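K.L.:
The structure that follows is given in the form of structure tokens.
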Amino acid sequence: MRYDTLYPEIADPRAAIPPPPGPGAGGGVQPPLGDYTVNLPVIVRRRKWRWIPRILGILILLFIAAVAWLVFTAPLSKSLEPPVPPSITLLSAEGTPIARTGAVVGKPVDAAKLPDHVVEAFVAVEDRRFRSHLGVDPRGILRAFVNNMFTDNSRQGGSTITQQLAKNAFLNSDRTFGRKFQEVLIAFWLEAWLTKDEILSRYLSNVYFGDNQYGLDAAARHYFSRPATDLTTAQAAMLAGLVKAPSRLAPSSNLKGARERQAVVIGTMVDAGFLTEAEAKAVQPARLRLSKVKTLPSGTYFADWVLPEARDRSGEIATNQTVTTTLEARMQRAAERAVRNAGLRKAQVAIVAMRPDGRVIAMVGGKSYAQSPFNRATQAQRQPGSTFKLFVYLAALRAGMTPDSTVRDEPVTIGKWSPKNSDGRYRGVITLREAFARSSNVAAARLTQQVGPAAVIRAARDLGITSPIPNEASIALGTSSVSLLELTAAYAAIASGTTPVRPHGLSDTDAPGWAERLIGATRSLSRRELEGMRDLLAATVDGGTGRTAALSVDTFGKTGTTQDNRDALFLGYANGIVTGVWLGNDDNSPNGGLAGGGIPARIWRDFMSQALGVTARPRPEPVVENVTDILTEDPENFIDDGPIEFEGSFGGREMGVRVNRDGSIEMIRPRRDVPREEEFEDMPPPVRERRRREGAPADEFEF
């Protein structure tokens, strides 16, 4: 039934209003013009206010729904204490801590016991109305909105200290409306349950200050070597300023930026009435006193390599963890010492040492982790040079050849490719043993042509090489790219007799799983293959290009040098340790005179001597009676990569003789002691150049 049918007199309210009385007719006070409700029936006036309780009811229901949503979606069951970021401590195989990743969390602080200027610095710059608002500051939100929308200043946030605590304690950092709404509701909840000092205490105890430092106490001790209760106004202002961008403003790496931010905080303290202008002018830039307490490094070449595996095993880490690795501290020190003793200048270096089963016991990824954390042992993909011939000769052995089989060491052309020997000499028909020991390029090319590149690739895959390898004959000389870790593991397969060897850095790495065993993922090399390869590797060290690496125990290895001496390697093993050494420039530029049998072999020998507690194998010195004896000797038995010099009495005269690689000889003056490089720098240029010509080896200035 229609409303105007029940009440026809108010179908048009204006029709029910009587005309106003005329002058002198009385009638009392007249209603305001346009007020049509005064003469409406009571029922109509009541319907006007009937919406108010409904609106209030809807608001109450929305609030209840919001609280329920908060309970089910926000982790309010967690402790009010903000979560402590977990850390992983890496232990050596002996149980000694070697690295730690994760947060350094200081002791909780009590805001009520801190000096006033410490608390005021944070309140002034982070939440000036902290003491008066109920968890959310509408004025701060409006100010941030205006600044972000209408100015070119950096983006501001309107979050109060309570909101920041809510976010840090219960929520993630997602920038969504839902998460922001949760943050606001939790802030109200915190304000209801905690006092202002309790909120501030929890905030200061867990806020991030850069350099992996969480909490005011940790930051105070790290940057200023004092507890939070002893911070000066300048120090407190600097720490308060870090909260905005702790990683970028950390004073240990950006002192200028931190001091500029300190000045901003001092200005806000003046604006808030915490400091007078005179007091602010008296505040000097804070001076750093970084803690001298020895702490574990948060990053090393080995730690960076092994941490992803540790995290994968741990899953979502919720507590601090300790992980035992395969690294042996003594071996690591020996590797680092061998690099230091090499006296490298421009060239970079990498070392990987492992047990034959793949346990990595030492790793050096460069000359200095602090200067370059790029790990050249695991991340760099470089050409292996002649060390790749390991796979060529394994394929030849599988094809039925033996170390005593012969191959022609003569120039060859395969398609458009004409490889050449590095020394320019060719020896005719030689055994595989001699070809491998002398690292003949043409012999390796002929063998690859004979067995086929596919057989060489298959041998590399069997030994664990997974990097791409082109199906072409030039792979015989190591033209594809691999990592040093991958290549060293392939040599470990020869040492262990089992393929492939999987390098690993965690001590509890399981053996191959049931699926791998079922499909035969690992296999053993045949006795014939092992004996043949070990024969070839021993020949390289006994009388070939790797003589420099020879130890007083049985030693097996192979040298490698790439085109234009861009890379130089030595890989080998002895007494249960397999080690690979790489040398080169990061920009892949040439290194004149660099060769695998030179500095890399010496670094390998120095490391292995310390690691195994053995000495280098003494090399027989040639007996030189006169120039005729020198001419009758085969110089290649004594010369590595350059001429060798002898000094003594020849024909009653004190002189020196230089024997070149081609057998030619020169008379020279006795060689003077080689000055250190720093001594060269102090000499006048003419003297410096003359002394270098007279005595200094080229590689001292090139690498």
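Any read-out appearing in this document is the output of simple, stated calculations on the displayed coordinates, not a laboratory observation. Here the structure is a predicted model, which is why all the values come from computation and not from measurement. Neighbour counts are summed over all protein chains in view; Cβ atoms, including those assigned to glycine, are modelled from backbone coordinates with ideal geometry.
K.L.:
Give the peptides 248-256, 392-400 in descending order of average Cβ contacts within 10 Å, highest first. Show your work: numbers first, answer last.
P.N.:
Working: 248-256: 16.9, 392-400: 22.0.
With the highest mean Cβ count within 10 Å placed first, the list reads 392-400, 248-256.
K.L.:
Can you work out the FRET efficiency for the pair ASN471 and GLN563, with r the C-beta to C-beta distance and R0 = 22 Å, to the nearest 0.05?
P.N.:
Working: r = 20 Å, r/R0 = 0.93.
In this case the efficiency is close to 0.60.
K.L.:
Another question, if that's okay. Summing +1 for each Lys or Arg and -1 for each Asp or Glu, what net charge is found among the other residues whose Cβ lies under 12 Å from the Cβ of GLU120?
P.N.:
-3
K.L.:
I've got another one for you. Give me the net charge of ILE465's neighbourhood, meaning all other residues with Cβ under 14 Å from the Cβ of ILE465; Lys, Arg count +1, Asp, Glu -1.
P.N.:
+3
K.L.:
Provide the percentage of antiparallel DSSP beta bridges, counting only those with both residues in segment 337-612; round to the nearest 5. Walk me through the numbers before you get to the answer.
P.N.:
Values: 33 of 34 bridges.
DSSP beta bridges in segment 337-612 are roughly 95 percent antiparallel.
K.L.:
If you line up the Cα atoms of segment 445-504 on their principal axes, what length do they span on each, largest first, in Å?
P.N.:
34, 21, 13
K.L.:
Let me ask you something else. Take peptides 482-492, 580-590, 101-111 and line them up by average Cβ neighbours within 10 Å, highest first, as a rough protection proxy.
P.N.:
Top to bottom by mean Cβ count within 10 Å: 482-492, 580-590, 101-111.
K.L.:
Okay, moving on. What is the set of long-range amide H partners of LEU525 at a cut-off below 5 Å, with H atoms built 1.01 Å from backbone N?
P.N.:
Answer set, sorted by chain and number: THR498, THR499.
K.L.:
What are the radius of gyration and Dmax of segment 310-383, computed over its Cα atoms and given in Å?
P.N.:
Radius of gyration, then largest Cα-Cα span, for segment 310-383: 14.8, 45 Å.
K.L.:
Next question. Which value in nm describes the separation of the simple spin-label points at VAL553 and ALA263, placed 7 Å from the Cα toward the beta carbon?
P.N.:
Reported label-point gap for VAL553 and ALA263 is 6.4 nm.
K.L.:
What does the charge dipole of segment 337-612 about its Cα centre add up to, to the nearest 20 debye, if the Cβ of each Lys and Arg holds +1 and the Cβ of each Asp and Glu holds -1?
P.N.:
So the magnitude is around 320 debye.
K.L.:
Hey, what's the Kirkwood Rh for segment 337-612 if you take every pair of different alpha carbons, in angstrom?
P.N.:
In segment 337-612 this quantity evaluates to 18.6 Å.
K.L.:
Rank by packing, highest mean first: peptides 418-425, 262-269, with packing defined as the count of other Cβ atoms within 10 Å averaged across residues.
P.N.:
Working: 418-425: 14.2, 262-269: 21.2.
Descending mean neighbour count gives 262-269, 418-425.
K.L.:
While we're on this one: How many nm is it between the label spots at LYS416 and ARG248, if each spot is 7 Å from the Cα in line with the beta carbon?
P.N.:
5.2
K.L.:
Rounded to the nearest 0.05, what FRET efficiency do ARG139 and ALA280 give with R0 = 25 Å and r taken as the Cβ-Cβ distance? Could you check?
P.N.:
Values: r = 24 Å, r/R0 = 0.96.
Approximately 0.55, to the nearest 0.05.
K.L.:
Under a crude label model (7 Å from the Cα following the beta-carbon direction), how far is SER368 from ALA112 in nanometres?
P.N.:
5.1
K.L.:
Taking the beta-carbon count within 10 Å as an exposure proxy, list MET354, MET401 from fewest neighbours to most.
P.N.:
MET401, MET354
K.L.:
Which length gain, in nm to one decimal place, applies between THR498 and ASN585 when the Cα-Cα distance is subtracted from 0.36 nm times their residue separation?
P.N.:
28.0 nm
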